[in-house]
Each structure stands twice: as structure tokens, then as C-alpha cells.
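The values are calculated or read from the model by the stated rules, or taken from the named source; none is laboratory data. Because the structure is a prediction, the values reported are computed rather than measured. Here the Cβ positions follow ideal geometry from the backbone for every residue, glycine too, while neighbour counts run over all protein chains shown.
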Amino acid sequence: MRIRISETVLTLFIMVVFVLGQTTTTANSDSLTKKIEALQNRIEKLEQKNEQSELERLLNQAETAAKEDNIKEDAQKTFKSGQRSLQAINPEISVTGDMFSQAVANKNGFNRESRSGAYFRVLGLHFQSALDPFSFTKIAVEIHPEGIELGEAYMTWSNVLPNLSLTAGKFRQQFGIINRWHAHSLDQFDFPLAMTTLLGEDGLNQTGLSLDWFISPLWADANTLTLQITNGQNGHLFSGEAFRFPALLGHLKSYYDLNANTYFELGLSGMSGFNNFRGFDDSGSLQKDPNRYTRLAGVDLTLFWEPLNRAHYHSFLWRSELYYVNKEASAADSSIKAVGGYSYVDYKLNERWNAGIRFDYTQPFTMNNSDANIYQLVPYVTWWQSHWMRFRLQYNYKNGSALSEADHIIRLQLTWAAGPHKHERY
């Protein structure tokens, strides 16, 4: 700023010399004195103005520096305990409701298994929480009109080893695909007929350990091997008592990307356990039955198409499973052998509507069933009012050589969900 003032003084001085040189002969000394005084006054005003600007700039810099020091001081006074807040340690809670109305379309309005009317099937309470950076838990409690039931309760260590997770607790087992799901999250109203007939009404839901290994891509784009050891507490297939002979299960799933819009999954399942009784009977007598085995095998496949950038409006799903059961009976050289399966397609018509049809086939879970069968045809349509509320209209036609007459049932289902996880299949 001082350099600028000096330049101004020098310029004015040159002008004075120039004026003096031009007016030496014509101007008198009084006029020159007045001009010089006017120039000096102008210089003084310019110096005062520049000094004021420089002072304002310095003041602004001082204020900015003071604000930055205050911010740093406040940041240094922030204390953290390292503990999660109370809100963070509370589990995430979701609630699902499932009710339906049905009409049994025969002259009586009922059959041995169903009756026309309105029913509340289940109210599900689902809890989920990260226990620490290494594990999480999931709990499902089912409230039925008949009582309260513990659906699942387990915890999972996500990385006990690279690509290896461990689960302990009570859980629906990974035999095929559908057995793992909860009823409120099914693509149809009910579980497939073959599953409830061969695996039991509630499927395979037992207590034990599950090891999941995500195998590096070898013969497929992704592979998962699941090994489970559980109590044989499924009385339909095994001994039916907790803390008895263990049942072993293995499931191998291979995933293939066919193109940008389509994938294919193939799964193989196998399971084995004991079904004989060892312990004290009702009279208090010790009973030791000879070992009898139950063996299961299954294959599942899924083909799913979902166009890029149109996933909310269109998709196509084809899913099928096949089961085989061999349960040794108490009589010598006798066993229950049965085969069953299902296949269905589901098409997403637009953002809110789905339509599909399922075909079920199974042999009854009895001896000497080679000539007996039950089949079922299940068309349905689903309307999503939102992500939290869903309506479904479904028709079940069931017939076969093992039935005395055909069953016709029409159902209207309403399911809703509140909470962060909505209709989660687990």
C-alpha cells in the first residue's frame, strides 16, 4: 500500500514540474502555490483512505483467526465413551400379521381338514440385532389363536474364518428352499403339499449348529455349502425328542449368471438321522429300540428373470423341488418310502400385481403307497397395496387316488408388516 502512495506522489511531482515548465513565463507565483497546496491536500486524503482500508483488512483477518480457534477448541472438548447409545443397542422389531377367509366349495362347506370361515393364522414378532462387530441374532415368536410358539431363535458369527459363518440355536433348516421360509413370506398362501406331507406339517425346524461356507467360484459363479447337526426332534421323521441322536444335513447350492437379466440356481440336499426310541417309557421301564434310520434326499432349482431398469414392473420366476424319504419302520424289512415335489411359475405383471400357478404331487407318507398319490393345482393372484400390505386370492384343487373325493377351496389372504424388515423370509 505504501508503494502505491509513493507512485502517486511521484506522478504528482512530475506533473508539478511539467506545470512549472509550461507556465514559467505566464503564471505568477501565487497561482502555482495554490495548485501545489491543492495537490498536497489530495495526497493526504488518499493516504488516509488507504490506511483505513488496510486497517479493515487486518481486522477481518483477526476475526477469522479468532473464529477458527474457537472451532478447534470446541472440537477438542468433544468426549466419546466408546459405548453405543441406548437406541443403538435396542433390537430392531418387526411385526407381521396373517389372516384369511376361505370357502370350502362342497355341499357341506367343510371337509376333514378345513371349514368355511374367517381365521387369524399368526401374528409374528421378529427381533434382530447386531450383538457386536462379530455376531448378530434373530428371533421369531409366533402367536397363534391356540397359543405362543418359538419359531426361531439363533445367533450367527459372520466370519469365524474367511468365507465361513457359524449359526447356533433353533432355526428352520436349509433342506431345499421353501423349508427355510416363514409362512407369511411365501409366494402362495400355503407350503407345497409334498413338503408338509413328507417333511411334516411344520417342516424341518430343529435345534443345533449350522456351518455355511461360501466356496470360491469353481464350477459355478458362486457356491455355498451348508452343514448342519441338530437334534432329531421332528417326530414325523426322527425320534421326536430333544437332546437325542443328532440328525445330519448337507446342502450344496450353485449359482449361475446366465446373462445380465437372468440367473439360475441348483441345489442338492441330503439328510440322515435316527428314528428309534431309547429311554424310559410312560411306565418307567427302560426301553432300547434297535437303531432305525431316516434318510432324505432333495434337489431344487430356480430360474429367475428380471430386466434391468424394469425390476419394479416385470419379472418371471420358475421354482421346483423334488423330495425323497426313506424311513425305516419297527417291523422287520419294512419302511416308508415316498416321493413328492412341486413346481410353480410366478410372473410380475406390473408394480403391484403378481400371478402364478403351482402344481403339487406326492405319495402319502404310509407303507405300501406305490399305487397311491395326491396332486394339487394352485392358481393365485397377488396385489400389493404397498410394501407393507398384501392381498392374495388363491384356489386349491386337490385330488388323487389316495382321496375319496376332490377338495375345492377358495381363499382370500391379507398379510401386513410393520417395522424395518417387512415380509422377511429369513
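Looking only at the range 113-121, decide whether some residue is in a strand (DSSP E or B), over 18 Å from His408 (Cα atoms) and of a type outside the set (D, E, K, R). Break it down into steps so the answer makes sense when it comes.
So in the range 113-121, the residues in a strand (DSSP E or B) come out as 115, 117-121.
Then keep just the ones that are over 18 Å from His408 (Cα atoms); that gives 120-121.
Still in the running and of a type outside the set (D, E, K, R): 120.
Yes: the range 113-121 contains one or more residues that are in a strand (DSSP E or B), over 18 Å from His408 (Cα atoms) and of a type outside the set (D, E, K, R).
Looking at (1) free of Cβ contacts under 8 Å to residues at least 40 places away in the same chain; (2) buried (at least 17 other Cβ atoms within 10 Å of the Cβ); (3) β-branched (Val, Ile, Thr), find the lone condition where Val381 falls short.
(2)
Looking only at the range 102-138, count how many residues are among the aliphatic types (A, V, I, L, M), surrounded by 15 or more Cβ atoms within 10 Å (Cβ to Cβ) and free of Cβ contacts under 8 Å to residues at least 40 places away in the same chain.
Total meeting the criteria: 3.
When only residues in the range 374-414 that are hydroxyl-bearing (Ser, Thr, Tyr) and either over 23 Å from the mean Cα position of the chain (by Cα) or not assigned by TED's automatic domain parsing to the domain that holds Gly117 (or both) count, which is farthest from Met99 (Cα to Cα)? Can you show your working first?
Start the filter on the range 374-414 by keeping residues that are hydroxyl-bearing (Ser, Thr, Tyr), which leaves 375, 380, 382, 386, 395, 397, 401, 404.
Cutting the leftovers down to either over 23 Å from the mean Cα position of the chain (by Cα) or not assigned by TED's automatic domain parsing to the domain that holds Gly117 (or both) gives us 375, 380, 395, 397, 401, 404.
On the way: Tyr375: 25, Tyr380: 16, Tyr395: 16, Tyr397: 21, Ser401: 32, Ser404: 29 Å.
Ranking the candidates gives Ser401 first.
Could you pull out the residue among Ser254, Ser269, Ser239 that is under 25 Å from the mean Cα position of the chain (by Cα), in the same structural domain as Leu322 (by TED's automatic domain parsing), among the hydroxyl-bearing types (Ser, Thr, Tyr) and crowded, with 22+ Cβ neighbours inside 10 Å? Give the steps one after another, and end with the answer.
On the way: Ser254 fails: crowded, with 22+ Cβ neighbours inside 10 Å; Ser239 fails: under 25 Å from the mean Cα position of the chain (by Cα).
The conditions single out Ser269.
Test of understanding: among Ile374, Ile410, Ile357, which residue is modelled with pLDDT of 95 or more and more than 26 Å from Thr302 (Cα to Cα)?
Details: Ile374 fails: more than 26 Å from Thr302 (Cα to Cα); Ile357 fails: more than 26 Å from Thr302 (Cα to Cα).
Result of the check over Ile374, Ile410, Ile357: Ile410.
Would you mind telling me which numbered condition in (1) under 26 Å from Leu268 (Cα atoms); (2) at pLDDT below 95; (3) crowded, with 16+ Cβ neighbours inside 10 Å Gly419 fails?
Condition not satisfied by Gly419: (1).
Could you say which residue among Ala355, Ala338, Ala406 is over 22 Å from Gly267 (Cα atoms), of a type outside the set (S, T, N, Q) and in contact (Cβ under 8 Å) with a residue 24 or more places away in the chain? Even if it seems obvious, please write down each step before you answer.
Working: Ala338 fails: over 22 Å from Gly267 (Cα atoms); Ala406 fails: in contact (Cβ under 8 Å) with a residue 24 or more places away in the chain.
Selected residue: Ala355, the only one of Ala355, Ala338, Ala406 that is over 22 Å from Gly267 (Cα atoms), of a type outside the set (S, T, N, Q) and in contact (Cβ under 8 Å) with a residue 24 or more places away in the chain.
Kindly provide the set of residues from the range 255-267 that are among the hydrophobic types (A, V, I, L, M, F, W, C), in a strand (DSSP E or B) and out of contact with any Lys or Arg (no Cβ under 8 Å at 6 or more places or on another chain), ordered by number.
Here is the first cut: in the range 255-267, the ones among the hydrophobic types (A, V, I, L, M, F, W, C) are 258, 260, 264, 266.
Subset that is in a strand (DSSP E or B): 264, 266.
Answer for the range 255-267, where residues must be among the hydrophobic types (A, V, I, L, M, F, W, C), in a strand (DSSP E or B) and out of contact with any Lys or Arg (no Cβ under 8 Å at 6 or more places or on another chain): just Phe264.
From Thr302, Thr362, Thr294, grab the single residue that is of a type in the set (Val, Ile, Thr) and touching a helix residue (DSSP H, G or I) at 6+ places or on another chain (Cβ under 9 Å). Steps first, answer last, please.
On the way: Thr302 fails: touching a helix residue (DSSP H, G or I) at 6+ places or on another chain (Cβ under 9 Å); Thr294 fails: touching a helix residue (DSSP H, G or I) at 6+ places or on another chain (Cβ under 9 Å).
The unique qualifying residue is Thr362.
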